[in-house]
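These notes concern the structure reproduced below.
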Amino acid sequence: MSDLSSQLSPDERQEWLDKIETANHNNIFCHCRRCGQEWIDSTFEATCQCGSSDVEHISCWQFPDD
Ligand SMILES: [Zn+2]
């Protein structure tokens with residue numbers, strides 16, 4: 001199997017990336033490993049209010065259904 005993204009035209013690839021960005025909006029579950037706080041953000045770069053950047057980021061739409 002070859003990489004899916006290499007089979008797409010530039011326009012199709014941009015559309016694909018836009019969909020991922022839209023899906024991530026307010027859909028990233030963040031969990032601080034230092035203080036244990038949990039919140040929803042829109043970026044994988046989010047840091048915790050406690051100042052820790054040791055934050056786990058999980059896309060909500062990647063959670064399994066079951
Ligand atoms: Zn924290």
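FYI, it's all coordinate maths here, none of it is from the lab. Quantities reported herein were computed from a predicted structural model and do not represent experimental measurements. Here Cβ is always computed from backbone atoms with ideal geometry, including for glycine, and neighbour counts include all displayed protein chains.
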Determine the gain in length on full extension of the stretch Gln14-Thr43; use 0.36 nm per residue of separation and subtract their C-alpha separation, reporting nm with one decimal.
8.6 nm
Could you check the spin-label model distance between Phe29 and Glu56? Points 7 Å from the Cα along Cα→Cβ, value in nm.
0.9 nm
